[in-house]
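The block underneath contains the structure these notes are about, expressed in structure tokens.
The values are calculated or read from the model by the stated rules, or taken from the named source; none is laboratory data. Values in this document were obtained by computation on a predicted structure and should not be read as measured data. Note that we place each Cβ from the backbone using ideal geometry, even for glycine, and neighbour counts take in every protein chain shown. Accessible surface is based on the protein model in full, side chains and every heavy atom, while ligands, DNA and RNA are left aside. Shrake-Rupley method; radii C 1.70, N 1.55, O 1.52, S 1.80 Å.
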Amino acid sequence: MLLARVGDDPGGRLLRTELEAAGVTCAFAVDADAATCCVVVLVDPDGQRTMLPDRGANKHFGPSDVAAVGPAALAGAGHLHLSGYVLLDPSSRPAGLAALEAARAAGVPTSVDPQAAALITDPEGFLADVRGVDLLLPNAAELAALTGSGEPAAARELLGHVGAVAVTTGLDGAAWIDDNGLRTVPAQQAPCVDSTGAGDAFNAGLLTARLRGEPVRDCLAAGVRLGARVVSQVGAQPAPGSLPT
């Protein structure tokens, strides 16, 4: 299930149609006053992307949206994953905190991807917001914003706040850090056509494997494989059937 806020516009209706066709249950609050979020993505010749976002209705995402569907969404849920953008924007931060609190109350494991190193201007505040989260999923730049270093070993500093950290390190692969130590997997070679969505794909691969109960290194490898598949094709929304469901 995807909990979000969209505009009462063609963009919001298109997103719902495409997601539901892919098997996603959409718990959308519809905003009558703001357009659905729009992001312009610029991709350079090396496949690296720059995003120009207009958050639109996402800026109005609030605790009431979470309360409206929270209990039903969490009933029987295996996991709650929260985009860090929700916490990093002051307007939507209360909704993110409400979602994490609802998950904790329901006994549902949680994860957060910080999403944007440039927006982490208050590391201590962000870490306070994610305190008690089971898994934090930063890339090296986001880890550096939180700890001062992008080296995976620096994630040990975060274990007083979160249960575990999974760090993506680009060409160096990925690492998992928890109280049992540091485990790594190498990157998977792939042509980088468009890096848009690589981090989200890594999260999806890792979390899916984790929910299946696979060992940590297998979870990391699943994330790396899915990320490699995404960067080898154009666009944030891969063609239907090109990725596992």
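Counting only protein heavy atoms and a 1.4 Å probe, the range 121-171 has 42 square angstrom of accessible area per residue.
Looking only at the range 122-242, where both bridge partners belong to it, what percent of the DSSP beta bridges are antiparallel (to the nearest 5)?
75 percent
So between C38 and L171, what do we pick up on full extension, going 0.36 nm a residue minus the alpha carbon distance?
Details: separation 133, 0.36 × 133 = 47.88 nm, distance 2.94 nm.
Taking C38 through L171 to full extension adds about 44.9 nm, to one decimal.
Solvent-accessible area assigned to carbon and sulfur over the range 178-221 amounts to 49 percent, based on a 1.4 Å probe. Among G170, G107, G227, the largest mean-square fluctuation in a Gaussian network model of the chain (Cα springs under 10 Å) belongs to G107. Spatially, the range 182-238 and the range 34-79 are offset by 20 Å when compared through their Cα centroids. Rounded to the nearest whole Hz, the Karplus-based 3J(HN,Hα) values (6.51 cos²θ - 1.76 cosθ + 1.60, θ = phi - 60°) of the range 26-31 follow the sequence 9, 9, 9, 7, 9, 9, with x at glycine and proline.
Of all the options D46, D54, D31, the one that moves most in a Gaussian network model of the chain with Cα springs shorter than 10 angstrom is D46. The computed volume of the Cα convex hull per residue in Å³ for the structure shown corresponds, within [x] 132; [y] 124; [z] 115, to [y].
Among the protein heavy atoms of the range 1-104, carbon and sulfur supply 59% of the accessible surface, probe 1.4 Å, non-protein parts ignored. Around the Cα centre of the chain, unit charges on the Cβ atoms of Lys, Arg, Asp and Glu (plus for the first two, minus for the last two) sum to a dipole of about 500 debye. When both bridge partners sit in the chain, DSSP labels roughly 50% of those beta bridges antiparallel.
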